[in-house]
Amino acid sequence: MKEGTEISGKNHSGKVLLLDLDGTLGLSLIPEEDAISETLKFISEELAKRLGRTIDEEEMRTLYKETKNEQYKIYHLNPKRHDKNLRWMMLLHKLENKLGVRLPESFYEEVKERYWSVFESKAEPYPDTKETLEKLMEKFTVVIVTNNDYAEAQKKIKLFGLKEGEHYDALVTSEDFNVCKPSPEFLKKLFPFLEQKLSRIVRPEHIVIVGDDPKNDIAWARTIGAKAIRVKRDLLAKHDPSNESEKADHVIENLSELLKILDKV
Ligand SMILES: [Mg+2]
C-alpha cells in the first residue's frame, strides 16, 4: 500500500473489486504444498546425512502440522501466522529440541531457500489472469487484498507478472492493517483507505469480493453484505461451503468469466 497515491481519471462503474491473490489470480496453493513436501524431504535427508538421525517423512509432516497449528494459534488473525520463514524457523527449533542438537544458522538459510526456490519454480498465473485484469481495470477499481505480508505478496505478484497501474490499482496486505481475513476488522480499516484513494464515499454495495476461499473470502464478504464471487481453482477448488455464509453469489472456474458476470451483480 502506497501512501498518498489516488486512483483517479477512470470512467468506470464505481464498483470496487477486492481480489484475493493466492489461488484466485494464479496457482500458488498447490505449489506451496509441493514446496513444503520437498523441503520436509530435504530436512530429513540432511539430518540423516549430517547427524545420522532418522526422522521419517510421516513424522516430519506431523511436526510441520503441529508447527503450523501453533503459529495459527499464537498469531491469531495476525499477518505473522502466514509467514513461511517464521514457520520454518519454528519447525527447526522444534526439531532441535526433539533431537537435542543445535543446527547451524546456515542450515536455517538452506531450508528457507529450498522452500522458496521450489515454490517459485511452480507458482504461475492462470492463462487468462493478465488479460482479464487489464479489461477489468477499464471499468472497475481493482484492489488486490491478501493475507500475505507485503514481501510475500510482492513475490507472488511478480511471479504472476502483474504490474500496478496495468493489472491492479492497489495492493493491500494483512501487514498494512495488522489483521487478516476473515476478520471484519480488516474491512473496517479498508473502507477509509479506499475512500482516501478514490476521493469518494465507498459503501458495501460498491464492493464485490472475488476469491477462492469459502471462509476467508466469501464469508468475509458476507460480514458487510457485499457481493461475493468464488473462483473455483487451485487447492481449495474441492472445498464445499460449510455453511450458508460461505456460499457465493456466483461460482466461476475461469477468471475471464468475471467480465460477463460483473455487469449483472
Ligand atoms: Mg486465496
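The values are calculated or read from the model by the stated rules, or taken from the named source; none is laboratory data. Nothing here was measured: the structure is a model prediction, and the numbers come from that model. Methodologically, a virtual Cβ is constructed for each residue, glycine included, from the backbone with ideal geometry; neighbour enumeration extends over all protein chains shown.
State yes or no: is Lys238 charged (D, E, K, R), under 20 Å from the mean Cα position of the chain (by Cα) and more than 24 Å from Asn148 (Cβ to Cβ)? Let's see the steps before the verdict.
On the way: charged (D, E, K, R): yes; under 20 Å from the mean Cα position of the chain (by Cα): yes; more than 24 Å from Asn148 (Cβ to Cβ): no.
It is false that Lys238 is charged (D, E, K, R), under 20 Å from the mean Cα position of the chain (by Cα) and more than 24 Å from Asn148 (Cβ to Cβ).
Among the residues of the stretch 137-167, what is the count of those that are surrounded by fewer than 22 Cβ atoms within 10 Å (Cβ to Cβ) and of a type in the set (Ser, Thr, Tyr)?
1
Enumerate the helices (runs of 4 or more DSSP H) found wholly within the stretch 86-183, keeping only those where 1 or more residues are more than 29 Å from Leu63 (Cβ to Cβ). Walk me through how you get there before you give the answer.
Values: elements: 105-122, 129-139, 150-159, 174-177.
Correct list: 129-139, 150-159, 174-177.
Is it true that Asp20 is in contact (Cβ under 8 Å) with a residue 12 or more places away in the chain and away from the ligand (no atom under 16 Å from the Cβ)? Break it down stepwise before answering.
Numbers: in contact (Cβ under 8 Å) with a residue 12 or more places away in the chain: yes; away from the ligand (no atom under 16 Å from the Cβ): no.
For Asp20, the condition - in contact (Cβ under 8 Å) with a residue 12 or more places away in the chain and away from the ligand (no atom under 16 Å from the Cβ) - is not met.
For Val118, which of the numbered conditions (1) within 16 Å of the ligand (Cβ to nearest atom); (2) of a type outside the set (Asp, Glu); (3) more than 28 Å from Lys260 (Cα to Cα) fails to hold?
(1)
Of Lys227, Lys197, Lys156, which residue is modelled with pLDDT under 95 and basic (Lys, Arg)? Lay out the reasoning, then the answer.
Details: Lys227 fails: modelled with pLDDT under 95; Lys156 fails: modelled with pLDDT under 95.
Matching residue, one of Lys227, Lys197, Lys156: Lys197.
So the check is Cβ under 7 Å with 6+ separation or different chains; which pairs have a first residue in the stretch 35-51 that's surrounded by 12 or more Cβ atoms within 10 Å (Cβ to Cβ) and a second one that's of a type in the set (Asp, Glu)?
Between residues of the stretch 35-51 that are surrounded by 12 or more Cβ atoms within 10 Å (Cβ to Cβ) and residues that are of a type in the set (Asp, Glu), the close pairs are Leu40/Glu57; Lys41/Glu57; Ser44/Glu57.
Conditions tested, residue by residue: (1) assigned to a loop (DSSP other than H, G, I, E, B); (2) touching a residue at least 24 places away in the same chain (Cβ under 8 Å); (3) acidic (Asp, Glu).
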| site | (1), (2), (3) |
| --- | --- |
| Val202 | yes, yes, no |
| Glu205 | no, no, yes |
| Val208 | no, yes, no |
| Lys215 | no, yes, no |
| Arg230 | no, no, no |
| Leu235 | no, yes, no |
| Ser242 | yes, yes, no |
